[in-house]
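Structure, as structure tokens:
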Amino acid sequence: MTERTVDRFTDGDWAVAATVALAGLGITVGSQLLVAAATLPLWYVAAAVLGSDRSAMVRVRRRVTVHDASSESGDADEGEGPIPASPGATATVRTTVRNDGSGTLVDLRVVDGVPDALPVVSGSPRACETLEPLETATLEYEVELRRGEHAFGDATVRTRDLTGTVAETWTAGVEGDDAVHCSPTVETVPPGNGTNEYAGEVPTDEGGSGLEFYAVREYEPGDQVRAIDWRRYAGTRELATVEYRAERSTRIVCIVDARPSQFRAATTDRVPAIQRSADAAGRAFEALVAAGHPTGIVGIHEQGVTSVPPGTGPATRQEATDLLDAMQVPGYVAAARSRTGDPFAALLQSLPGDVQVYLFSAFVDDDPLELVEALRARGYGVRVVSPDVTADTADTATRLAALERGTRLARARETGAQVLDWDRERSLGAVLRTVVGEVATE
Amino acid sequence: MSPPDDRLPTTVTRGLVLAALVGTLALAVSQPIVAAGVPIGLGLAVAVGAAGGSNRRVALGAALLPVVVLAGVATIGLAGTPIAGLVAVVGAALAAAVCGVVCGQPTAVALMRTGGAALCASVLAGGSALVAIGIDTVGGIQAALTTALWLTGDGVSGLLVALIVAPVAVVAALLVVPPAAVTVPSRYDSYVTSRNALAKLIGIAAAVAIGGLSILTVGSMLVPTLEPVVEAVTGSAAVRGLLAAVTGTALLGVAVAVIARSVWSQTGGRRNAAVAIVAGTLPGVGLPFAAAIGSGGIGTTTVATLFGAAAAALGVGWLAAWLYEGVVGRNEATNPETAVAAALAVGGVVSGASVDTATLSLELMRAGVATFIPIAAALFAYDVGRYGRTLAREIGAEASRRPQLVRLGWSGGVAAVGVPVGALGMAGATAFAPTLSVPATAGVIVAVAAVVGGTWVLVR
């Protein structure tokens with residue numbers, strides 16, 4: 001708890017000025033009523049005199065409850081170290097303030113110490129209450145959890161007396177939960193089924209060598225002896241060959257739409273599409289690389305593309321992180337400028353033929369849709385994660401843009417791409433789980 | 001502790017509205033015309049608020065603005081005395097400020113559009129005033145209509161001129177109207193084909209009419225029996241009226257289309273509301289003018305004066321909106337709660353200053369109510385408004401009700417204590433001396449101030 005600061009506001013100045021003005025006007029125009037009315041502001045001067053600075057005593061306690069689908073329980077032992085949680089989940093924070101003094105606090109203002117990195121998604125960490133002795137008030141709000149360890153700060157408390165002329169401010173220590181630890185949960189997610197000719201871990205829709213039963217077909221000369229279904233031969237005297245689901249390696253390219261149109265958010269207080277796309281791409285990249293799949297990053301800029309070739313090494317990770325960070329800066333100019341000035345044409349020319357594509361774009365114009373159509377026409381497996389920057393606004397133009405965006409996403413689905421419309425309310429972890437889950441069950 | 005929040009907490013807002021209501025009612029005891037100013041202020045607030053919305057709302061706001069200003073000018077004109085007119089203005093300002101408290105400050109965009117609508121309406125109102133003067137000069141509506149019908153001249157030559165002017169105006173309107181106003185880019189080619197075909201058809205029809213009239217005229221020189229037919233056609237008011245109506249409508253269309261073309265070519269955004277403003281102000285000024293002229297109950301001189309004054313007021317409004325837009329853009333605008341307090345205080349001061357002598361009478365009581373209560377309400381509004389602004393800045397507009405009610409009760413109590421004390425002191429002094437001198441009253445003020453100062457020194 002810090003030292004208390006007591007501020008006494010000179011609240012009577014304006015009333016004295018009003019008195020002088022009214023009296024002066026009354027004397028000037030010869031109006032007794034106005035001169036008599038000049039006594040009215042003096043009562044406010046008199047009331048300001050009654051202001052007193054009695055020290056208030058409050059007790060603040062915080063309880064954090066994590067709402068995470070992957071967590072077995074949202075509750076943890078109170079105050080015993082950071083609360084574990086998954087990034088993208090939400091946590092409900094209940095901060096209780098109790099008046100431990102003997103007098104009534106007519107105007108108690110409390111601001112909880114929310115970590116800067118955690119956005120408040122509902123409720124408010126601020127409150128103004130009137131508390132009788134031993135009465136309590138609760139601030140309840142929800143924060144969206146981000147990766148890392150986040151410590152809650154002390155609460156800032158300010159009390160004002162009845163006249164509003166004396167304010168006492170201090171930071172009060174908070175009992176109970178004081179930190180949240182968020183670790184990513186997407187490292188173990190499997191990739192999709194776009195594969196190359198090399199053996200790997202991704203199940204495919206073709207028979208071959210593997211572990212999972214796929215089909216039984218007629219024996220063909222040259223089939224391995226160990227693949228013959230000897231049980232059937234014993235029963236029917238016909239040779240048949242057992243096939244297992246082939247497992248192949250896959251390479252993945254995460255394409256992030258970083259054109260100027262992506263530097264747009266639903267409102268000024270929300271993060272723009274590029275930030276959400278880059279965040280999602282970064283986490284998908286980490287998960288896929290950790291699973292051993294060579295993964296690359298491609299950034300689409302206004303007149304060219306920047307790319308990190310698929311790989312799994314530390315250098316690839318560093319380059320991918322640097323690129324994702326750089327493309328979030330407005331005005332970032334891609335080092336490579338395509339000859340035609342068309343980034344999509346340049347991308348299609350340079351994209352390897354055996355990769356899966358994850359496209360991260362807000363779909364606020366037709367270009368991403370045309371890219372999806374072109375990729376699907378060339379046989380690429382495409383998954384789209386589209387942050388919605390047109391939701392929750394009453395503006396007619398934005399609502400029209402939302403309709404157009406919905407039409408584009410529907411058309412993208414018609415091409416066979418798997419599309420995830422990512423609204424702000426949905427956590428990133430859930431989004432990635434959904435995307436990869438859909439891919440795995442294809 | 002500083003999350004910015006432009007809105008005041010709800011309970012404080014309701015307290016301010018209540019203070020404004022009480023102050024207005026008190027003013028109405030002495031100056032009932034303040035009630036007439038309230039709907040004008042509400043109308044102005046609605047017009048400004050609508051200007052910040054969609055194009056349809058902008059058009060409605062632009063239509064409402066001149067109607068409200070005309071009503072305001074008429075109200076002030078009919079008030080009789082300058083004091084009454086000033087009180088009506090106070091009522092309008094108070095209502096507009098209360099709307100600002102409830103709905104928030106008008107945005108810079110809304111003010112810019114309101115200024116545009118005021119300028120457009122000012123020009124139209126000025127033109128209407130000139131038309132009214134012209135009607136008065138010609139000798140009435142009938143004479144003015146007759147002059148308009150036969151503007152191109154009498155006889156065959158006049159009809160020929162009218163037959164040339166009308167199709168030219170219609171074709172000009174067809175060509176000047178921006179294609180984007182009536183079609184979409186994918187149908188541009190078919191639109192151009194249809195437009196050109198229609199223009200050609202109008203040209204052929206006009207040529208046929210002119211040719212037919214020429215043949216008929218030449219024929220009438222050779223065949224005397226055709227003369228009555230020619231005279232009937234050339235002297236027909238219906239034919240001239242139709243041509244005049246077509247020409248007038250087409251010229252109006254040309255004017256609107258030219259404005260639309262000029263503003264659309266000057267904007268880089270998609271939310272230019274100039275067309276909506278023009279589309280709104282045209283009926284907003286035109287319909288009241290037509291009603292005033294057509295009713296016959298109002299003299300053309302009065303109509304000219306009314307619309308001339310409205311044009312001046314709208315011009316001042318444009319200037320004020322333009323200046324205020326800059327102030328809002330710099331975040332230096334006066335808070336609406338301060339405007340409420342100022343309007344109430346001005347109302348109280350005007351009411352108090354309007355009483356010449358203070359003798360104990362019913363008139364003095366009414367004047368006292370209309371002076372003390374609005375000023376007390378103004379003090380309450382200022383004090384509570386400052387509290388609400390601080391609360392919104394530190395906590396937000398969703399602050400709980402209880403502490404706000406406590407503060408409203410405290411501030412209301414302080415304001416309420418002063419009114420009966422001041423009124424009783426005034427009545428007592430008046431009873432002892434039939435005419436309380438201003439110096440004596442000032443002495444009372446000094447005495448009270450000395451008591452308050454002494455108390456302050458003792459407490460400190």
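Read-outs throughout are calculated quantities, based only on the coordinates presented, and are distinct from any laboratory measurement. On a predicted model such as this, the values are computed, not experimentally measured, just so you know. As a convention, Cβ positions derive from the backbone with ideal geometry for all residues, glycine included, and neighbour counts pool all protein chains shown.
When the Cα convex hull of the stretch A:5-49 is projected onto planes of every orientation, the mean area is 2.8 nm². Averaged over peptide A:46-57, the number of partner chain Cβ atoms lying within 10 Å of each residue's Cβ comes to 3.
The stretch B:145-198 and the stretch B:410-425 have Cα centres separated by 71 Å. Toward the positive end of the charge dipole of the stretch B:272-416, with +1 on the Cβ of Lys and Arg and -1 on the Cβ of Asp and Glu, the farthest Cα among B:278, B:395, B:324 is that of B:395. The mean sequence distance of close C-alpha pairs (under 8 Å, at least 6 residues apart), as a share of the length of the stretch B:294-393, puts its relative contact order at 28 percent.
In terms of its C-alpha gyration tensor, the stretch B:88-196 has an oblate overall shape, because the principal axis ratio a/c (a ≥ b ≥ c, square roots of the eigenvalues) is not below 1.5 and a/b does not outweigh b/c. Think of it as helices only: each DSSP H run of n ≥ 4 in chain B is worth -39500 (n - 2.57), and spread over all residues that comes to -29000 deg cm²/dmol at 222 nm. Reported value for the stretch B:154-258: 85 Å³ per residue, from the convex hull of its C-alpha atoms. With the convex hull of the Cα atoms taken as the outline of the stretch B:366-420, the averaged projected area works out to 3.8 nm².
Give me the tail of P(r) for the protein assembly as shown as a percent: Cα-Cα pairs with distance above 48 Å. More than 48 Å apart: 51 percent of the Cα pairs in the protein assembly as shown. A straight chain from residue B:298 to residue B:143 at 0.36 nm per residue would run longer than the Cα-Cα distance by 54.1 nm. So what does log10 I(q)/I(0) come out to for chain B at q = 0.06, 0.07, 0.12 Å⁻¹, using the Debye formula with one equal point on every Cα and no solvent? Computed log10 I(q)/I(0) values: -0.43, -0.55, -1.11.
Across peptide B:365-377, the average count of Cβ atoms from other chains found within 10 Å of a residue's Cβ is 3. Projected onto its three principal axes, the C-alpha set of the stretch B:236-378 covers 73, 47, 17 Å, listed from the longest axis down.
Rounded if a/c is under 1.5, else prolate if a/b beats b/c, else oblate: with a ≥ b ≥ c from the C-alpha gyration tensor eigenvalues square-rooted, which is the stretch B:12-71? Note, shape of the stretch B:12-71 comes out oblate.
Our analysis of the stretch B:1-144 gives Rg over Rh at 1.08, with the two radii drawn from alpha carbon positions and Rh computed by the Kirkwood formula. Overall, the anisotropy analysis places the stretch B:123-325 in the oblate class: the square-rooted eigenvalues a ≥ b ≥ c of its C-alpha gyration tensor yield a/c not less than 1.5, with a/b not exceeding b/c. Computed over the alpha-carbon atoms, the stretch A:58-182 gives an Rg to Rh ratio of 1.02, Rh here being the Kirkwood radius from the mean inverse distance. What is the distance in Å between the Cα centres of the stretch B:14-83 and the stretch A:100-167? When both Cα centres are located, 41 Å separates them.
Peptides B:27-40, B:162-175 ranked from most to least packed by the mean count of surrounding Cβ atoms within 10 Å: B:27-40, B:162-175. Around the Cα centre of the stretch A:1-67, unit charges on the Cβ atoms of Lys, Arg, Asp and Glu (plus for the first two, minus for the last two) sum to a dipole of about 660 debye.
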